[in-house]
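S.K.: This is the structure I have questions about; it appears just below.
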Amino acid sequence: MNDQIPQSASSPSDLRPVLWTARCAIAALGLTGVAWLARAVWETRLAVAGQPASGPPDQGNGNHRELTSLENAYHVVNTLGGATVVLCALLFLSWLWRVRDNARALSGEPARYSWIWMYLGWILPIANLWIPRGLIVDIHRAGAPGRRLPSSVNWWWGLWLIGLVGGVGVLSEDTTDEIIARAYTDVGMLLAADAAIVAAAVAAVFMVRAVTAAQLERMAGVGAGAGTGAA
């Protein structure tokens with residue numbers, strides 16, 4: 001016997017297309033991973049070159065020495081990386097909004113987290129340690145009830161937290177010159193955090209694919225059910 005669509009759930013016309021936004025988010029995540037890999041390469045180059053005799057770029061008390069060509073190049077790489085992060089955030093949130101709206105329409109129930117947490121959940125201290133994952137979990141469970149949570153969700157979130165705690169993640173407050181100084185003195189920690197961010201981006205690609213596929217399957221079932229009811 002076919003599963004019946006709950007009476008509280010919306011009709012297929014209320015559902016929003018998600019495939020294109022998912023593909024854009026995946027492309028942006030891949031680009032961000034490449035950008036962070038480039039950062040790691042330049043940080044390794046800085047460590048191998050060694051800190052100049054004049055000391056770190058930031059000399060303290062508002063004094064900065066002239067940058068070397070390698071340090072200038074790192075500034076460019078870091079700026080491009082920041083641009084990819086902004087692009088990725090916009091496209092990822094666009095995808096997240098759509099799958100959230102669809103999950104709410106499919107379940108006929110209000111979301112556990114209000115819309116403001118779609119933004120604050122990423123930047124508010126303490127809350128940013130669990131709310132983003134909670135958003136994804138709720139979206140998957142509401143949009144594809146009975147489906148097992150993809151393992152990529154936990155891999156993505158665990159790796160993201162490692163990069164975040166490492167202090168050089170996409171939400172780092174360190175200036176570029178401070179990161180350069182760290183590359184000279186403690187490149188191992190930088191590279192470990194960079195590796196976590198790159199791995200998190202890869203895991204996020206699989207997570208977006210899995211959540212989107214499960215929701216599309218559910219949406220197809222809603223469409224088929226509506227078609228059968230109209231026949």
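S.K.: Considering each of LEU67, LEU96, LEU80 in turn, give the residue that is under 30 Å from ALA40 (Cβ atoms), at pLDDT 90 or above and not in a helix (DSSP H, G or I).
M.R.: That would be LEU67, the only listed residue that is under 30 Å from ALA40 (Cβ atoms), at pLDDT 90 or above and not in a helix (DSSP H, G or I).
S.K.: Take ALA181 and decide whether it is in contact with a strand residue (DSSP E or B) (Cβ under 7 Å, 6 or more places away or on another chain), among the small types (Gly, Ala, Ser) and modelled with pLDDT of 90 or more.
M.R.: Considered against the rule, which asks whether it is in contact with a strand residue (DSSP E or B) (Cβ under 7 Å, 6 or more places away or on another chain), among the small types (Gly, Ala, Ser) and modelled with pLDDT of 90 or more, ALA181 comes out as yes.
S.K.: Identify the single condition in (1) modelled with pLDDT under 95; (2) in contact with a helix residue (DSSP H, G or I) (Cβ under 6 Å, 6 or more places away or on another chain) that ALA28 does not satisfy, given that it satisfies every other one.
M.R.: Unmet for ALA28, out of (1) modelled with pLDDT under 95; (2) in contact with a helix residue (DSSP H, G or I) (Cβ under 6 Å, 6 or more places away or on another chain): (1).
S.K.: Given (1) surrounded by fewer than 19 Cβ atoms within 10 Å (Cβ to Cβ); (2) under 20 Å from LEU216 (Cα atoms); (3) charged (D, E, K, R), where does ARG112 come up short, assuming only one miss?
M.R.: (2) is the only condition that ARG112 fails.
S.K.: Same structure again: Are any of the residues in region 14-25 among the polar types (S, T, N, Q), surrounded by fewer than 18 Cβ atoms within 10 Å (Cβ to Cβ) and not in a loop (DSSP other than H, G, I, E, B)? First the steps, then the outcome.
M.R.: First, the residues of region 14-25 that are among the polar types (S, T, N, Q): 21.
This time we only want the ones that are surrounded by fewer than 18 Cβ atoms within 10 Å (Cβ to Cβ), so: none.
There is no residue in region 14-25 that is among the polar types (S, T, N, Q), surrounded by fewer than 18 Cβ atoms within 10 Å (Cβ to Cβ) and not in a loop (DSSP other than H, G, I, E, B).
S.K.: Looking at (1) more than 23 Å from the chain's Cα centre (by Cα); (2) among the β-branched types (Val, Ile, Thr); (3) over 21 Å from THR175 (Cβ atoms); (4) open to solvent by less than 60 Å² (accessible area, probe 1.4 Å), which one does THR68 not meet, given that it meets all the others?
M.R.: (3)
S.K.: Something else: What is the residue count in region 121-148 for residues that are among the hydrophobic types (A, V, I, L, M, F, W, C), buried (at least 16 other Cβ atoms within 10 Å of the Cβ) and within 24 Å of ILE162 (Cβ to Cβ)? Let's see the steps before the verdict.
M.R.: Initial filter on region 121-148 (among the hydrophobic types (A, V, I, L, M, F, W, C)): 122-124, 126-127, 129-131, 135-137, 139, 142, 144.
From what's left, buried (at least 16 other Cβ atoms within 10 Å of the Cβ): 122, 131, 135-137, 139, 142, 144.
Filter once more, so that each one left must be within 24 Å of ILE162 (Cβ to Cβ): 122, 131, 135-137, 139.
So the count comes out to 6.
S.K.: For ALA204, indicate whether it is crowded, with 19+ Cβ neighbours inside 10 Å, touching a Phe, Trp or Tyr at 6+ places or on another chain (Cβ under 8 Å) and at pLDDT 90 or above. Working first, answer last.
M.R.: Details: crowded, with 19+ Cβ neighbours inside 10 Å: yes; touching a Phe, Trp or Tyr at 6+ places or on another chain (Cβ under 8 Å): yes; at pLDDT 90 or above: yes.
Considered against the rule, which asks whether it is crowded, with 19+ Cβ neighbours inside 10 Å, touching a Phe, Trp or Tyr at 6+ places or on another chain (Cβ under 8 Å) and at pLDDT 90 or above, ALA204 comes out as yes.
S.K.: If you check LEU135, LEU87, LEU120, LEU91, which single one turns out to be part of a helix (DSSP H, G or I), free of Cβ contacts under 8 Å to residues at least 40 places away in the same chain, farther than 20 Å from ASN154 by Cα and of a type in the set (A, V, I, L, M, F, W, C)?
M.R.: Step by step, each of LEU135, LEU87, LEU120, LEU91 is checked, and only LEU120 is part of a helix (DSSP H, G or I), free of Cβ contacts under 8 Å to residues at least 40 places away in the same chain, farther than 20 Å from ASN154 by Cα and of a type in the set (A, V, I, L, M, F, W, C).
The values are calculated or read from the model by the stated rules, or taken from the named source; none is laboratory data. This structure is a prediction, so every number in the text was calculated from the model and none was measured. Note: ideal-geometry Cβ built from the backbone for every residue, glycine included; neighbour counts use all protein chains shown. Surface areas here come from the heavy atoms of the whole protein model, side chains and all, with no ligands, DNA or RNA. Shrake-Rupley method; radii C 1.70, N 1.55, O 1.52, S 1.80 Å.
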